Amino acid sequence: MSDVAKLSIGEHELELPVIVGTENEQGLDISKLRGMTGIITLDEGFVNTGSTQSAITFLDGEKGILRYRGYAIEEICKKCDFIDSTLLLLNGELPSDEQRETFRQAVISDMQLPEGMVKLISAFPREAHPMAMLAACVNALSTHHQDQVDPLDAQQVQNSTQRLIATLPTIAAYIHRHRTGQEFVAPNAELGYVENFLTMMFADEQGHYEVDSDFVDALNLLLIVHLDHEQNCSTSTVRVVGSANTNLYASIAAGVCALWGPLHGGANEACVNMLSQIAEDDGDVAKYVGMAKDKQDGFRLMGFGHRVYKNYDPRARIIKSACDVLLEKLDLDDPLFEIAQALEKVALEDEYFVARKLYPNVDFYSGVIYRAIGIPVELFTVLFAMGRLPGWIAHWQELHASPSKRICRPRQVYTGPELREL
Ligand code: ACO
């Protein structure tokens, strides 16, 4: 295809540039269309709209391919931990040993929360949803670092990046302990990132907790597969908010809110609730598949379907095999894993799901691992946010580094009343 597309609208004959990506993806640049013709494009839900050029993540939904900075997700999961993958995402390259150690130490030594944040978490109603607390905490963190909120100051952005990555596990663990009426456990500079999170979550009040290396590996894997997924709902939200030169904390808080929704990151919680409901209903998988197909019902199989994947989600494949390994190692039988597999089998053979190319997504099996580790279901989406955080930041930074950055401001086709008199 040439790098120019010819478009004919009424009396207008136009030539529009075609932008070609490194994997040969093509995007029609319509930014001048309105100026030339007075016409805009209309694409509700941004089904066919590219909002940016990005060098962070490549995914091919038809082939089921996901790569961070050019590396296949399957390979990253085998060879990297969360800190390596975070640096890969943020910097574009895997870290040297020295870079990894410097960053790891800086993050671990920054995990402690300011006293005001501890008080803030303690003040939330215990029964409130953890995602509401998380969004509030991320925004509130900036109030303790008011000299670090200039989005155009590279050093301040770097400090805020490090602080957010360092403190999110602490915030998550303290939210859990507050909800369950337990004393907070301070981070331990001797422990790794994931080890610290597990200890702050599950230690007794003297701070004792035997870290299980299988849990550390499983959690590292889950955090990595959630790291980034190009222009998804929450990442696009972070970019849109950031485009107004809003500070990093506030942009990330907006991303947390977008992630919360059950059609996006909240699907992991909704999926386990659905599997529990099926279990209580004698494991009647066929009934729920029938409900999902019934357009009058409004019920959807949670953890199923994806805007971009029209093939098996590679993240779901990785998580499913990790479930097998972890449950076998722990000698655990999780009835919800059995139900999930049975549900997948029935759905994948059903004409409705086949015709619409609906497959399990990242949220379908992740809950099985979270449950095996002991993470309560209401905290699942908070764990997703912990994984997605570096992805959000990488996109926010890419946006600010772009010479073509402009405030994100879509247009509309107005359908309300014409001018009328009062
Ligand atoms: N169960 C039953 N039917 C479904 C499902 C589902 N989970 N997902 C899509 N469909 C059907 C729709 O009813 C529609 O059918 P139709 O063509 O007969 O009207 C068709 O498949 C296409 O669905 P859309 O809603 O148009 O697809 P869209 O790309 O807008 O939505 C989404 C994608 C939101 C992920 C959707 O598949 C869904 O609601 N899934 C369940 C929630 C979920 O698991 N979300 C997590 C996604 S991964 C993530 O964000 C981390």
If I take the Cα coordinates of region 95-217 and project them onto the principal axes, what are the three extents in Å, biggest first?
40, 34, 20
Descending Cα extents along the principal axes, region 283-333, whole Å:
43, 30, 12
Where is the GNM fluctuation largest for the chain (alpha-carbon springs, 10 angstrom cutoff): Phe353, Phe364, Phe304?
Phe353
Taking every other residue with Cβ under 15 Å from the Cβ of Ala355 and scoring Lys and Arg +1, Asp and Glu -1, one gets +2
Too long for a 25 Å Cα-Cα cut-off, among Lys293/Lys329; Lys6/Lys32; Lys79/Lys345, are Lys293/Lys329; Lys79/Lys345
With viscosity set to 1.002 mPa s and temperature to 20 °C, compute the Stokes-Einstein D of region 218-263, Rh being the Kirkwood radius across alpha carbon pairs; µm²/s, no decimals.
190
What helix-only [θ] at 222 nm does the chain give? Using -39500 (n - 2.57) per DSSP H run of at least 4, over all residues, to the nearest 500, the answer is -16500 deg cm²/dmol
GNM result for the chain, Cα springs below 10 Å: residue of Gln296, Gln182, Gln148 fluctuating most strongly:
Gln296
Using a Gaussian network model of the chain whose springs link C-alpha atoms within less than 10 Å, name the residue from Leu219, Leu89, Leu33 with the highest mean-square fluctuation.
Leu33
When region 294-407 is reduced to its Cα atoms, the Kirkwood hydrodynamic radius in Å
16.4
Value of relative contact order over the chain, rounded to a whole percent, pairs C-alpha under 8 Å and six or more apart:
19
What are the semi-axes of the equivalent ellipsoid for region 176-311, taken as the square roots of 5 times the Cα gyration tensor eigenvalues, largest first, in whole Å?
32, 25, 14
For the chain, just the Cα atoms, rotate onto the principal axes and tell me the three extents in Å, largest first.
77, 57, 57
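No lab work stands behind these numbers, since they all come straight from the coordinates. Just so it is clear, the structure is predicted and the values come from calculations on it, not from any experiment. Cβ: placed from backbone, ideal geometry, glycine included. Neighbour counts: every protein chain shown.
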